[in-house]
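Below: one structure, written as structure tokens.
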Amino acid sequence: MKPPRFEYFAPRSLEEALALLAQCGERAKILAGGQSLIPLLNFRLIQPEVLIDIGRLRELDYIRGSDGGMAIGALTRQHALECSDAMRSSLPIVAEACRQIGHLPIRHRGTIGGNLAHADPASELPAVMLALDAEFALAGQAGRRTVAASQFFTGALTTALRPGELLVEIRARSLPPRSGSAFLEIARRKGDYALAGAAVVITCDGTGRCQDARIALCAVGATPVRAREAERALVGETPRGEIFGEAAERVAAAIDPPGDIHASAHFRRKLAQYCTRRAIEVAAQRVGGA
Ligand SMILES: Cc1cc2nc3c(=O)[nH]c(=O)nc-3n(C[C@H](O)[C@H](O)[C@H](O)COP(=O)(O)OP(=O)(O)OC[C@H]3O[C@@H](n4cnc5c(N)ncnc54)[C@H](O)[C@@H]3O)c2cc1C
């Protein structure tokens with residue numbers, strides 16, 4: 001399997017990349033880590049005339065503390081996120097979810113920007129970004145704009161990115177004190193895409209009651225899904241099994257998962273319910289702790 005012929009550019013700066021992108025328009029595709037794009041090319045599912053390889057844009061490869069949160073350059077490798085001490089202490093759910101993406105060699109090449117721009121509904125990071133209320137900085141020749149994660153994923157493999165735009169930075173606020181988070185998924189084999197997964201972030205007040213809860217699911221729809229009804233079951237309550245079960249039931253009632261050769265819709269719904277309950281339990285155990 002070989003890719004179709006294409007013209008190849010390897011810009012050295014963001015400015016140069018954006019100029020090329022504007023010049024080539026929809027004939028071009030961005031190449032980052034290549035872990036999703038190259039298989040698509042090899043299977044000839046897409047046939048762009050031009051590839052713009054952003055792999056040399058070191059200016060987009062960083063993990064920084066920023067304004068009460070973290071800013072991550074789009075070219076940051078998934079493995080770097082998994083190993084970053086700053087990420088583990090500020091947004092541990094990102095590191096935890098990255099460890100569940102594919103296999104190590106894939107995470108050494110795959111970038112956070114490529115993962116989010118590819119927008120596979122079964123991907124871990126889009127759901128995590130939804131649960132973190134993250135924001136994405138998109139750059140084009142006309143300037144920059146910021147899009148909330150909740151507005152970014154518009155369909156399966158489809159995002160709010162416009163022609164000529166690059167995802168350049170991902171920003172999320174650090175978890176407040178007395179917060180706990182967890183990402184849990186079930187896949188057929190280690191390294192496979194999730195059959196269902198849940199990202200949970202909860203914050204408690206000084207009395208131990210839950211004051212904020214954010215839950216997002218992957219692999220249960222065309223986009224990652226925020227489970228707001230389930231969140232409402234937790235807020236104001238003291239974390240306990242009965243409430244966790246209620247929240248998980250609300251997830252099962254709210255989602256409309258697809259059925260395919262890997263899992264029926266019914267089975268996927270059950271898995272999502274299980275993942276939600278277990279992720280809430282783990283997040284609650286971690287409040288104020290690990
Ligand atoms: C065997 C295997 C197993 C995998 N398992 C998982 C898994 O379990 N979970 C998971 O989430 N992923 C999985 N992946 C995919 C992996 O995470 C990819 O790394 C990721 O989806 C794409 O990132 P990339 O940097 O490789 O992007 P690329 O493959 O280079 O690009 C992907 C798409 O995003 C666009 N793009 C890339 N960067 C940008 C940018 N900065 N701005 C705008 N558009 C951009 C490209 O044009 C392309 O359309 C797997 C891949 C393989 C090969």
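Points worth noting:
- Solvent-accessible area per residue for segment 184-290 (1.4 angstrom probe, square angstrom): 48 Å²
- Candidates Ala127, Ala198, Ala230: whichever shows maximal mean-square fluctuation once the chain is modelled as a Gaussian network with Cα springs under 10 Å: Ala230
- Förster radius 22 Å - calculated FRET efficiency between Glu246 and His266 (Cβ-Cβ, nearest 0.05): 0.60
- Note that the chain carries a Kirkwood radius of 19.4 Å, evaluated over its alpha carbons pair by pair.
- The trypsin sites (Lys or Arg not before Pro) of segment 219-272 that DSSP puts in a loop, and whose beta carbon has at most 11 other beta carbons within 10 Å, are Arg240.
- Potential lengthening of the chain between Arg44 and Arg27 amounts to 4.6 nm, from the contour at 0.36 nm per residue minus the alpha-carbon distance.
- Entry note, segment 22-173: relative contact order of 24 percent, from Cα contacts under 8 Å with a spacing of 6+ residues.
- Whole-percent carbon and sulfur share, accessible surface of segment 131-183, 1.4 Å: 47 percent
- Percent accessible area from carbon and sulfur atoms, segment 77-128, protein chains only, probe 1.4 Å: 56 percent
- With a simple spin-label model that places each label point 7 Å from the Cα along the Cα-to-Cβ direction, the separation between Arg58 and Ser13 comes to 1.5 nm.
- Taking θ as phi - 60° and the Karplus parameters 6.51, -1.76 and 1.60, the scalar couplings of segment 77-87 work out to 6, 4, 5, 5, 5, 5, 9, 6, 5, 4, 5 Hz in sequence order, x denoting glycine and proline.
- Distance between segment 122-181 and segment 256-279 - C-alpha centres, whole angstrom: 25 Å
- For segment 200-217 versus segment 37-63, the gap between their alpha-carbon centres in whole angstrom: 38 Å
- Summing charges over all other residues whose Cβ lies under 10 Å from the Cβ of Phe6, with Lys and Arg as +1 and Asp and Glu as -1, gives +1.
- Here the simple spin-label model places points 7 Å from the Cα toward Cβ, and for Ser150 and Met1 these points are separated by 3.8 nm.
- A quarter of the convex hull surface defined by the alpha-carbon atoms of segment 38-195 gives 10.0 nm² as the mean projection.
- Estimated translational diffusion coefficient (Stokes-Einstein, Kirkwood radius over Cα pairs, 10 °C, 1.306 mPa s) of segment 164-264: 104 µm² per second.
- Considering only segment 1-159, percent of DSSP beta bridges that pair antiparallel, nearest 5: 65 percent
- Here the contact order of segment 17-76, divided by its residue count and restricted to Cα pairs under 8 Å and six or more residues apart, works out to 30 percent.
- The residues of segment 78-153 have, on average, 35 Å² of accessible surface per residue, using a 1.4 Å probe with all protein chains present.
- Between Thr238, Thr207, Thr276, the residue with the greatest mean-square fluctuation in the GNM of the chain (Cα pairs under 10 Å linked by springs) is Thr207.
The values are calculated or read from the model by the stated rules, or taken from the named source; none is laboratory data. Values in this document were obtained by computation on a predicted structure and should not be read as measured data. Positions of Cβ are generated from backbone atoms using ideal geometry, with glycine treated the same way; all protein chains shown enter the neighbour counts. SASA here: full protein model, heavy atoms, side chains in, ligands and nucleic acids out. Shrake-Rupley method; radii C 1.70, N 1.55, O 1.52, S 1.80 Å.
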